[in-house]
Amino acid sequence: MSFVIVERPDEAIAVIRLNRPERMNAMAFDVMVPLRELIEELSVDNSVRVVILTGTGAGFCSGADLEDPGTIPHIDNLGLPSIARRSMGLLEEVTHALRRMNQPVIAAINGAAIGGGFCLSLSADIRVASTDAYFRAAGINNGLTASELGLSYLLPRAIGQSRAAEIMLTGRDVDASEAERIGLVSSVTSPEQLMDTCIEMAMRIKGFSHAGVEMTKRSLWTSLNASSLEGHMEAEGLGQLFIRLTTQNFEEAIRARRAKRPPVFEA
């Protein structure tokens, strides 16, 4: 049984599905290592324009698997401190790999997003939740820190410092309705409509140019690290100028608008 599977509902859309439903798609290394490898493979597959990440069964991802963590690769002859550090590094690389993907990633959050699964959802560019979804920063409930895999960096930037602190320090559940209200997800659908909603969104995105979509994703993530508005606006301007001068996308958009047809972008 493969713990990570790929579906192609359209030639330009790849659906990555965590496939360990009996453990609510927990983050065993037997899941996360192939997930990272698949993300890296799809990132350089230029036929893929949009990626959708979801889970099989009742959970999106329930975080660390405390009962069956799976096999940690390449740890022969290492002591516990080195094994622990490399283990965290493997999980952290999934977050980095999603951010580095050339394609935008839509998280179709079908159920529980707990602990590391919460972090995984925040690594996507867009989050859409079903009414069955909920989020929990579970580390604090287990006597640990709620901060893991970038959660204390990404969550305040998504919903604000005060809300993020309250959610992380209380360890309470955030249901789909609240998640939409506070901007943690962009929309909420019925479980039956979740994938259709995400695929419809992906179909709209794939109609735009490769360069425009990739640069927009990069600018959105870069903005999180920007030290000033002025510096980020300069970077945005250079990106816009680069695409304007090196492609015919703008001219094609004008021609298509005049002809009342969809544009066909070549770059």
Would you confirm, using the coordinates I've provided, whether Arg163 is surrounded by fewer than 23 Cβ atoms within 10 Å (Cβ to Cβ), in a loop (DSSP other than H, G, I, E, B) and either basic (Lys, Arg) or not assigned by TED's automatic domain parsing to the domain that holds Ala64 (or both)?
no
Residue under question is Ala158, and the condition is that it be part of a strand (DSSP E or B) and either under 21 Å from the mean Cα position of the chain (by Cα) or more than 21 Å from Leu224 (Cα to Cα) (or both); does it hold?
no
When the residues of region 132-148 are narrowed to those that are more than 19 Å from the chain's Cα centre (by Cα) and part of a loop (DSSP other than H, G, I, E, B), which ends up surrounded by the most Cβ atoms within 10 Å (Cβ to Cβ)?
Ala146
Identify, by number, the condition in (1) closer than 23 Å to Asn110 by Cα; (2) surrounded by fewer than 15 Cβ atoms within 10 Å (Cβ to Cβ); (3) in contact with a helix residue (DSSP H, G or I) (Cβ under 7 Å, 6 or more places away or on another chain); (4) polar (S, T, N, Q) that Thr189 doesn't meet.
(2)
Give me the residue from region 235-257 that is of a type in the set (D, E, K, R) and either surrounded by 15 or more Cβ atoms within 10 Å (Cβ to Cβ) or in contact with a helix residue (DSSP H, G or I) (Cβ under 8 Å, 6 or more places away or on another chain) (or both) and, out of that set, nearest to Glu214 (Cα to Cα).
Glu236
So which pairs qualify, if the first residue must be in region 97-111 and farther than 20 Å from Ser209 by Cα, the second must be surrounded by 23 or more Cβ atoms within 10 Å (Cβ to Cβ) and of a type in the set (D, E, K, R), the Cβ gap must be under 8 Å, and the two must be at least 6 apart or on different chains?
Ala107/Arg127; Ile109/Arg127
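The values are calculated or read from the model by the stated rules, or taken from the named source; none is laboratory data. Model, not experiment: these values are computed from the prediction. We place every Cβ from the backbone using ideal geometry, glycine too, and count neighbours over all the protein chains shown.
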